[in-house]
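Report on the structure given below.
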Ligand code: SF4
């Protein structure tokens, strides 16, 4: 299920993906929780936030 977008940032997360629905000014994420993929990644480049959602996607 899609996480709730909170009114305040999730202080445990820094994120620079400013095209995400959950992004907040100051490189913050307002998602209640996030999920990171994939399993068995071997480098930083291989990992991605699976909770990302385009800002302009129809909801
Ligand atoms: S959901 Fe993921 S990509 Fe989107 S702002 Fe939060 S951490 Fe960044």
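Nothing in this text is a laboratory measurement; each read-out follows from the coordinates by a stated rule. Keep in mind it's a predicted model, so treat the numbers as computed, not measured. Cβ: placed from backbone, ideal geometry, glycine included. Neighbour counts: every protein chain shown.
Out of all the residues in segment 19-31, which are over 15 Å from residue 48 (Cβ atoms) and either near the ligand (Cβ under 8 Å from one of its atoms) or in contact with a strand residue (DSSP E or B) (Cβ under 8 Å, 6 or more places away or on another chain) (or both)?
21, 24, 27, 28, 30
Counting just the residues of segment 34-48 that are in a loop (DSSP other than H, G, I, E, B) and near the ligand (Cβ under 9 Å from one of its atoms), which one comes out nearest to the chain's Cα centre (by Cα)?
Checked segment 34-48; the qualifying residue nearest to the chain's Cα centre (by Cα) is 34.
Which number in (1) touching a strand residue (DSSP E or B) at 6+ places or on another chain (Cβ under 7 Å); (2) more than 8 Å from the ligand (Cβ to nearest atom) marks the one condition that residue 7 misses?
Exception for residue 7: condition (1).
Out of 26, 12, report the one residue that is on the phi > 0 side of the Ramachandran plot and either touching a helix residue (DSSP H, G or I) at 6+ places or on another chain (Cβ under 7 Å) or outside any strand (DSSP E or B) (or both).
Being on the phi > 0 side of the Ramachandran plot and either touching a helix residue (DSSP H, G or I) at 6+ places or on another chain (Cβ under 7 Å) or outside any strand (DSSP E or B) (or both) holds for just one of 26, 12, which is 26.
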